[in-house]
Amino acid sequence: MEYKNINAQLRAIPPPHQPWLSSAMYNYREKLVNWNPICIKNNAVYYQFTTRDTQDDFIGIVPDACVNIIFKCNPNNPAALIWGIHEGWAKIMLEPNTTYFGFKPYSVVGIKNIKARLGDLKNNVLKLEDVFVNSSIIEKIAMKDSMSERIKLFQNYAMSNLIDETYFPDFTEYCAILICLSRGNIKLEDIERETGYSERYCRQNFKRTYGVSIKHYSRIVRFQNALRMVMQEDWQGVPDIVNELGYFDQSHFINEFKGFSMTSPSRFRNIYMNLLYKNRTNKTAINVCNTGAEDYSQAAL
């Protein structure tokens, strides 16, 4: 298996997706950036959304093979949480009528000034100040008025506080790259051949760095690719996903999809499309009533 122009190929991969955030929240936006020049897998996604007045007590989060940092942008009560790579479906608590700003780095390596390895956060959600040595960014993020200002602020903060100039890309990062470029459809013996390390060595060191096994990481990446296919308006059905992503059969794919999302592909698609249509309808009504407003979320705060 040969990979050329790795950086260009990585940039072409769609960001990991959280369907219930993007479809159920108001004014969800995201931006892909190159945030860590020390890493090969150097991209990150910034995202922002506002919860509704009638927000549920929690919202479901599907595994996306990433660490997530999310800031509550309330100047009077700022807060931030960091959650590690989750192996399965999870939930987070959100306050109604509140803007949240998130940061999702694609890799857990090349980061300094943290009190614990990001791989050790697996399946955990902690206060950001319990993990970052310098957590003054929390209040500063909450005080900014726009997503672009928050991105600029965090990028500057990362350059000074997070990016580890002493890091040199190692084989665990290369393993993660191989998995992402193969869309999770790769065997351990292929990784062994590409890296030159034994399967046992790959398994042990990858889990030590990322917190999850190399096999489970691959399953999550493949699920994310299947998820995106299910969400497409022209989705042709389960057989296409099984064939394209290398699932053993339809039953295996459906069971794995249920394990990660708590529902079947068809039911997930119905719920997602209904939420998306409802959200688009609400946005249209808001835009008609607020002609000339550049950013409705800021007017509502």
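The values are calculated or read from the model by the stated rules, or taken from the named source; none is laboratory data. As the structure is a computational prediction, the values presented were derived from the model and not from experiment. Cβ placement follows ideal geometry from the backbone for every residue including glycine, while neighbour counts extend to all protein chains displayed. Side chains included, ligands, DNA and RNA excluded: accessible areas come from the protein's heavy atoms. Shrake-Rupley method; radii C 1.70, N 1.55, O 1.52, S 1.80 Å.
Listing for the model above:
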quantity	calculated
Pairs, first on the phi < 0 side of the Ramachandran plot and small (Gly, Ala, Ser) in region 181-204, second in a loop (DSSP other than H, G, I, E, B) and open to solvent by 60 Å² or more (accessible area, probe 1.4 Å), C-beta under 9 Å, six or more apart	Ser182/Met1
Options Ser135, Ser146: the member that is surrounded by fewer than 17 Cβ atoms within 10 Å (Cβ to Cβ), out of contact with any His (no Cβ under 8 Å at 6 or more places or on another chain), under 22 Å from Leu32 (Cα atoms) and not acidic (Asp, Glu)	Ser146
Residue among Ala65, Ala80 that alone is among the small types (Gly, Ala, Ser), modelled with pLDDT of 90 or more, in a loop (DSSP other than H, G, I, E, B) and open to solvent by less than 30 Å² (accessible area, probe 1.4 Å)	Ala65
Filter result (open to solvent by less than 10 Å² (accessible area, probe 1.4 Å), assigned to a helix (DSSP H, G or I) and not β-branched (Val, Ile, Thr)) within region 149-184	Arg150, Phe154, Ala158, Glu173, Cys175, Ala176, Leu178
The listed residue being crowded, with 21+ Cβ neighbours inside 10 Å, in contact with a Phe, Trp or Tyr (Cβ under 8 Å, 6 or more places away or on another chain) and basic (Lys, Arg), out of Lys31, Lys72, Lys41, Lys91	Lys41
Tabulated pairs, region 97-114, first closer than 20 Å to Pro15 by Cβ and in contact (Cβ under 8 Å) with a residue 24 or more places away in the chain, second among the acidic types (Asp, Glu) and in a strand (DSSP E or B), C-beta under 6 angstrom, 6+ apart or interchain	none
Only one of Arg222, Arg203, Arg208 that is under 22 Å from His17 (Cβ atoms) and either in contact with a helix residue (DSSP H, G or I) (Cβ under 9 Å, 6 or more places away or on another chain) or outside any helix (DSSP H, G or I) (or both)	Arg222
Residues of region 225-249 satisfying the condition of being exposed (fewer than 15 other Cβ atoms within 10 Å of the Cβ) and assigned to a helix (DSSP H, G or I)	Pro239, Asp240, Asn243, Glu244
Residue match in region 231-240 (condition: within 22 Å of the chain's Cα centre (by Cα) and modelled with pLDDT of 95 or more)	no
